[in-house]
1. From the Cα gyration tensor of the range 385-462, with a ≥ b ≥ c the square roots of its eigenvalues, which class applies: rounded if a/c is under 1.5, or else prolate if a/b is larger than b/c, or else oblate?
2. I'd like to compare 478-484, 122-128: which one has the highest average count of other Cβ atoms within 10 Å, and what's the full order after that?
3. Antiparallel versus total DSSP beta bridges in the chain: what percent is that, nearest 5?
4. Straight-line reach from residue 477: which aspartates and glutamates have Cα under 17 Å away, leaving out those fewer than 8 places along the same chain?
5. Averaged per residue, what accessible area in Å² does the range 28-71 show with a 1.4 Å probe, protein chains only?
6. So which aspartates and glutamates pass the test for residue 69, namely a Cα distance under 19 Å, with those fewer than 8 places away in the same chain ruled out?
7. Taking the Cβ-Cβ separation of residue 439 and residue 497 as r and a Förster radius of 51 Å, what is the calculated FRET efficiency to the nearest 0.05?
8. Would you list, by chain and number, the lysines whose Cα falls below 22 Å from the Cα of residue 394, excluding same-chain residues fewer than 8 positions away?
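The values are calculated or read from the model by the stated rules, or taken from the named source; none is laboratory data. This one's a predicted model, so the numbers in the text were calculated from it and none came from an experiment. Please note: Cβ atoms are built from the backbone with ideal geometry, for glycine as well, and neighbour counts cover all protein chains shown. Surface accessibility is based on the protein's heavy atoms, side chains included, excluding ligands, DNA and RNA. Shrake-Rupley method; radii C 1.70, N 1.55, O 1.52, S 1.80 Å.
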Amino acid sequence: MELLNNEADSDTGVSDIANFYAGKTILITGATGFMGKVLVEKLLRSCANLNAIYLLIRTKKGVEPSVRKEQYFRCVIFSKLLEKNPDIVHKVRIVKGDVLEPDLGLNANDINTLASTVEIVFHCAANVRFDQPLRPMVNMNVLGTLKVLQLAEKMSHLLALIHVSTSYCQCNESVLEERAYAAPQNPFAIIEMVETMDDAGLAEITPKLLNGLPNTYAYSKALSEDLICRYNKKLPVIVTRPSIVTAAIHEPMPGWIEGVNGPTGLMIGAARGVIRSMHCNPDYASTVIPVDKAINGMILCGYQRGKVSAGSKAGQQSQVEFCNLCISSKALMSWGESIETGRKFFYETPLSFALWYPGGSIKRNYYHHLFCVIFFHYLPAYFIDFWLLIFGQKPFLVNVQRKISTGLKLLQYYTTKDWDFRNEKFQEMSNTLNATDQELFDTSVSQVNWETYISNYIRGMRTYILGESDATLPYAKKVLRRLYILDWVSKILFFTLTFWFLWTHLDGFVEKSDTFIRSSLYSIYSEHNSTIHT
């Protein structure tokens, strides 16, 4: 707990954290991702006196990193920052590289520059998909981390390396404490295995390696943490473990979100009317953390870890530290409360395009959920695709439902378990700050209005992912009313036809059944009498 031994200065109106980062040179991997963008924006805005930020960016689809930098700062979250201080972009420097390449794809000059100047490293780059085979996950999340550690060893002025892991790296543990856990296998042995085995062999051995873990993502993160611990007392590392990272609550703007992973994808599917059932325990806490709270926690971890390193003797490093960037269960809404609140705001801020009226519910029982998936996901999908074929259109809804079913299966592991993430260090670190830093780098959630947050989340999803501004709301509400009427007409028609069928066929069914029973009894009676006479 040595990170917590540094008491904050009294409230002087000066940010100790901003002063710490002032003049510092920072390297960030994964800066083009969701969390990476928020991290860069926050550092430039709240720690504007830093010396430089190096972003490791690869060539993508033929677009060079220098061009990608221009595209990068067109993102809406940088708009206010650039209006106030357009020259701040000059503090961001691009190094061409790739986590998947040897030596991170860096040339000798860039390696020397980074080794001689960088003091803080944020390693955010990761493959976060849940449906990937073992090879790409190990190459990105384990071997990529090893390359970053090897580069960090060359950094003569390194004060802190902040590694972004996940709270779900030890899914077999009933309680996740803020400490190291041994990986199921030696990470170096797994790296060697991935380099030498073919795809078929890896696919065959993967279930044995996972040993109950839900996917290769969780497994690769467990290996990465074990790998980092093998650099114990060599590097000033702190491992941060955010839970499910969701839309911003305040910064850079309320509701800002990017990507459709996790709850965001579920919300879009539900709002479009194509997800009508989800296997989930509604009483369990929705283990989410707004992205700005997680980023503030990461910056705070770098500050606390860096202060320890700055106070250590040359060549001496303390042990690897761990911090679970999670919100206590008592402060969170349950899954059931979150989904019901979201449903209410879906009706207030609907989407301009939906296939059906948003509805459905979460199911505690898996077989109840499976029944609803068959009757409310697949049967309507086949029915609509059939009519699309009749009218010469390309069917698509069955394929959509297959993808949804795959996604729901991956997520239900997390929504049907009661997670216990300990976060004492995360909470205590904030308590050591002065009032200015507690406001600038706020990590508290005690005063969060979750209804307002979910409302902003849904508006952010409409605006930043689907490109629907508030000007589209009148039209979207008209679409919703039409779908509401169509939904009720369909229900009335279905129940009317069902009642008519039963009414018109029940008498005939009963009569036939009665005749069958009578004839069967008569046959049995006749056979019995025949046997007696014989």
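1. Details: a/c = 4.72, a/b = 2.44, b/c = 1.94.
Judged from the Cα gyration tensor, the range 385-462 comes out prolate (a/c at least 1.5, a/b above b/c).
2. 122-128, 478-484
3. Working: 2 of 36 bridges.
Bridges in the chain that DSSP calls antiparallel: roughly 5 percent.
4. 348, 468, 487
5. Ligands and nucleic acids excluded, the result is 38 Å² per residue.
6. Counting by Cα, and skipping residues close in sequence, residue 69 has these aspartates and glutamates nearby: 41, 83, 87, 98, 110, 258.
7. Computed FRET efficiency for residue 439 and residue 497 comes out at 0.25.
8. Counting by Cα, and skipping residues close in sequence, residue 394 has these lysines nearby: 403.
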